[in-house]
Amino acid sequence: MFEDRFGGAGGLVPNETQKRIRDVAIYVVAILVAVFILTPLYVMVIISLQSPQTLFSGGGLTLFTTTLTLENFQTLVNQTATVTYLKNSLIITIASVLISTVLAIISGYGLTRFELPGRKLVARVILFSYMVSPIVLAIPLYVIFFRLGLLNRYVSAVLAITAISAPFSIWLMWQYFQSIPIAYEESAWIRGASRWRAVRAVVLPLARPGYISVAIFSFAVAWNDYTIVKVVLSNQNLYPLTVGSTLIFQEFFIGWGEQMAMMLIMSTPPFLVAVFLQNYLLQGFNLGHG
C-alpha cells in the first residue's frame, strides 16, 4: 500500500526522484563507511611518519602536518630485530600458502572427480574440523611436534598453520571444482590428453579464481597467526612479526611513532594482497557462479 501511494507509476513520488534519493542514500552510506575505515588508517600512517618531537610539538597529538620522516622505521630496522621477524613471517607465510593451496587443489579435485565412498561426508567433516578453535589444537600439535623433534623449527610453524587453514581451503576447492563441468576434461581425453594434461591445461585455468582465493585465505591465516606460532616456537630468532612485535614493545622503549610504524609494516602486505587480488577473491568465494 505504501509503494502504491508513494512509489511506482502514478505515485506521489516520481520514479526519477526515487532513484535520486536511493543514489544519494547509497553515496552517504558509502562515504560514512569509508570515513569509518580510513580514519584509523590515516592516524596510523601520519603518526608513523612523524618524529617524537613533531608528534607532540603543539602540546597535543599532531594529526595534520607536512613534516614527515622515516625516523621511526629507521629506529625499528637499526635498533630492533624487526627485519629478522619480517623475514620469518615471509618464510612461514609463503611456505604455508604453497602447501595449503596445493593440498586444497589435490584434495578438492579428488573429492570431486573420483568416486570415493563417503566423499561428501569426508568433505563435510573437513569443513567441520575448521570450526574447531585453533587454541584447541595447540596442545595436541605441541605434543606431536615434540615427539617428532620438530619444535623450534620453521617446519613446525608451517605445518601447524597449514593444519588450521587447510580444512576450509579443501572444502572451498571441492565446491569450486563442482562448478567446472567434467565435459571439458572428457573433451580433452577424447583428443588424446592424459588426465594430468587435462587438469593442467583445462581445469586449473578455469579454477584460477578458486585457488587464488584459497591462497589469499591461507595468507591471511598465516600472516596474522599468533597463538599457534607462540606454542610451537620458543626461539626468538624464529618468531614472526606478530609475536616478535610484542617482544619489541616489551624490551625496548618504543613510542607511539615506532608502534604505528610497526603496525604499518604488518598491515602493508595484507593490504597489497587485497588490492591486487580482490577480483579473484570475490570470484572464488562466489564458487564460480558469477
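Read the figures in this text as sums done on the coordinates, not as results from a lab. This is a predicted model, so every value here is computed, not measured. Every residue, glycine as well, gets a Cβ built from its backbone with ideal geometry; the counts of neighbours run over all protein chains shown.
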From phi via Karplus (6.51, -1.76, 1.60), per-residue ³J(HN,Hα) for segment 223-239 in Hz, x at Gly/Pro = 5, 9, 5, 10, 5, 5, 4, 5, 6, 8, 10, 10, 7, 4, 5, 9, 5
message = Can you bin every Cα-Cα distance in segment 103-211 into 5 Å intervals starting at zero and give me the percent of pairs per bin, rounded to whole numbers?
response = 2, 11, 18, 17, 15, 13, 10, 7, 4, 2, 0
task = Extending each Cα 7 Å along its Cβ direction at Thr84 and Ile190, get the distance between those two points in nm, one decimal.
result = 6.2
query = What ranking do Ile92, Ile212, Ile26 get, fewest neighbouring Cβ atoms within 10 angstrom at the top?
reply = Ile26, Ile212, Ile92
request  = Could you name the lysines whose alpha carbon sits less than 22 Å from that of Lys87, not counting residues in the same chain fewer than 8 places away?
outcome  = Lys230
ask   = Okay, helix-only estimate at 222 nm for the chain: each DSSP H run of n ≥ 4 adds -39500 (n - 2.57), divide by all residues, round to 500 deg cm²/dmol; what do you get?
value = -24000 deg cm²/dmol
note = When the chain is treated as a Gaussian network with springs between alpha carbons less than 10 Å apart, the largest mean-square fluctuation among Ala160, Ala222, Ala274 is found at Ala274
key: Point-charge dipole on Cβ atoms (K/R +1, D/E -1) for segment 133-225, about Cα centre, debye to 20   = 280
task = Mind putting a number on the dipole of the chain about its Cα centre? Charges go on the C-beta only, +1 for Lys and Arg and -1 for Asp and Glu, and I need it in Debye to the nearest 20.
result = 940
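Remind me, relative contact order of segment 80-285 in percent, using alpha carbon pairs under 8 angstrom and six or more residues apart? Write down the numbers at each step before the final one.
On the way: 227 pairs, mean separation 71.8, N = 206.
Rounded, it is 35 percent for segment 80-285.
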Peptide ranges 27-40, 140-153 listed from the most packed, as the mean C-beta count within 10 angstrom indicates = 140-153, 27-40
request  = Please build a GNM for the chain, connecting alpha carbons under 10 Å apart, and tell me which residue among Lys120, Lys19, Lys87 fluctuates the most.
outcome  = Lys19
Listed candidates (i) 68, 40, 34; (ii) 48, 42, 37; (iii) 77, 74, 36 - label of the one calculated as Cα extents along the principal axes in Å = (iii)
